[in-house]
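Shown next, in structure tokens, is the structure this report addresses.
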Amino acid sequence: MERLSHFRQGNRIGGEGNGPPRTFAQKAIARAAGVDSVEIGEVVDVRPDVVLSHDNSAAIGEIWRQFGQERVAIAKRLAITLDHAAPAPTTRHAQNHADIRRFVQEQGIRNFFEVGRGICHQVLSEEALVLPGQMILGADSHTPHFGWLGAFGAGIGRSEVAALWATGELWLRVPESIRIDLEGDLPPGVTAKDFALRIIGDWGADGGLYASVEFGGSGIEALSIDARMALANMMAEFGAKSAYIAADGKTLAYLEAGLELRASEGTVGDAGQWRLLPDEGAEYSATYRYGAAELEPVIACPHTVDNVVPLSEVAGVRVQQAFIGTCTNGRLEDIAAAAEVVQGRRVAEGTRLLVIPASSMVLQEALREGHIEALVAAGAAIGTPGCGPCMGNHMGVPATGEVTISSANRNFRGRMGTKEAEIYLANPAVVAASAVAGRIADPRSLD
């Protein structure tokens, strides 16, 4: 890993018009603000293409009603998903869902996704509701997820979302940008999750605070779509305002499938019509360069996501629960990796393995390819697509004193619902191997 100078030099790529070189964030915010250009640090009013909320929509609605409006201003730009406590684990959660359904019907919100469809970030990606160069603001901290497709995604508070419901506009400060390059192909056993944890471990959980993190290099281009989603998603744990990976042929092919599903709704245009690329020579507050060959499987240890060590340092730690899922690592590639590890093996006595696909589409494909069958045969429990135990609501809350190894994104004390429990974060193959071994284990050394 190498830290480079604060300014990149060279020819501009993807720039349009004259003026100084600009970062992706500058271009995306200028587009959303309807102006030619913006400066880093400038505060501007933007009109996002999509406004995201989930089970917190009822609480947002209570704030929005204080505006005295009968109708939201931007019903066509809203997307609401029931995913955080789905299916509802208590009467209180069920009433919350009922209130949201009534609101959706009253306001005529078309982009509503019921219990079982999956996690908001995965579902909106599959539905191609956000396209390269567009802006999505969401009442969920992991909205930087949409950087995987070259969009500007940022998490905001409930009050800010209520303001968007009322006006369609919100002010944003143009963030500084950090450039992170990855060169070469990831070694066997190393994933985008390991790379993300390595970044956070190297520079701290606040190392990207309110920054737009731009990824580039041959190693990023080589990543699959699922891996790109995991990488951009984890930048929320770096403190980033947004993340960005340039949309390429892989990205556009993925989105075209979603656009075909929406063709009956009158969707017009192609997936790349608003694609934006940063300019060479744009201003970065920091630039980091990694060689893929130097990376290895790593673990984030309790109780902070930047407490990152090589897998070998914690191998052997006893685990009672292993969890594969969440908006970071609940996709087909992750479930396939876990199924390959457990094939022909059984989950260790005294350990339980929970697998929750990120969406119904992921679940269906995993069923077709035989991954679910392999996991169930090994003793895994399969949950309804959604967030599951990630935020500590249900479907896998640990007991006092238990240790969980998880493919999720956060491990602070009490994250999964129990303060007196420990959470280790790892890539899905390591989680599966640990379930089989009953202890934190490297899948490459199971035999």
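The values are calculated or read from the model by the stated rules, or taken from the named source; none is laboratory data. Quantities reported herein were computed from a predicted structural model and do not represent experimental measurements. Glycine also receives a Cβ, built like all others from the backbone with ideal geometry; neighbour counts cover every protein chain displayed.
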Within the range 81-115, the residues that are part of a loop (DSSP other than H, G, I, E, B), surrounded by fewer than 18 Cβ atoms within 10 Å (Cβ to Cβ) and in contact with a helix residue (DSSP H, G or I) (Cβ under 6 Å, 6 or more places away or on another chain) are Gly108
Is it true that Ile156 is more than 13 Å from the chain's Cα centre (by Cα), surrounded by fewer than 24 Cβ atoms within 10 Å (Cβ to Cβ), within 24 Å of Ala30 (Cβ to Cβ) and among the β-branched types (Val, Ile, Thr)?
yes
Output the qualifying pairs, or none if there are none: Cβ atoms under 8 angstrom, residues six or more apart or on different chains, first residue in the range 49-73 and in a helix (DSSP H, G or I), second residue polar (S, T, N, Q) and surrounded by fewer than 23 Cβ atoms within 10 Å (Cβ to Cβ).
Ala58/Asn96; Ile63/Ser159
Taking the range 342-361, which residues are crowded, with 24+ Cβ neighbours inside 10 Å and assigned to a helix (DSSP H, G or I)?
Val342
Determine whether the range 79-97 contains at least one residue that is in contact (Cβ under 8 Å) with a residue 60 or more places away in the chain and under 23 Å from Trp274 (Cα atoms).
no
Could you run through the range 1-57 and say how many residues are at pLDDT below 95 and of a type outside the set (D, E, K, R)?
15
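One residue is enough: does the range 344-356 have a residue meeting the conditions without any contact (Cβ under 8 Å) to a residue 12 or more places away in the chain, touching a helix residue (DSSP H, G or I) at 6+ places or on another chain (Cβ under 9 Å) and not assigned by TED's automatic domain parsing to the domain that holds Ser224? Reasoning before the result, please.
Residues of the range 344-356 without any contact (Cβ under 8 Å) to a residue 12 or more places away in the chain: 344.
Subset that is touching a helix residue (DSSP H, G or I) at 6+ places or on another chain (Cβ under 9 Å): 344.
Now restrict to residues that are not assigned by TED's automatic domain parsing to the domain that holds Ser224: 344.
Yes: one or more hits.
Could you list, in sequence order, all residues of the range 227-239 that are in contact with a helix residue (DSSP H, G or I) (Cβ under 7 Å, 6 or more places away or on another chain) and surrounded by fewer than 24 Cβ atoms within 10 Å (Cβ to Cβ)?
Passing the criteria: only Ala227.
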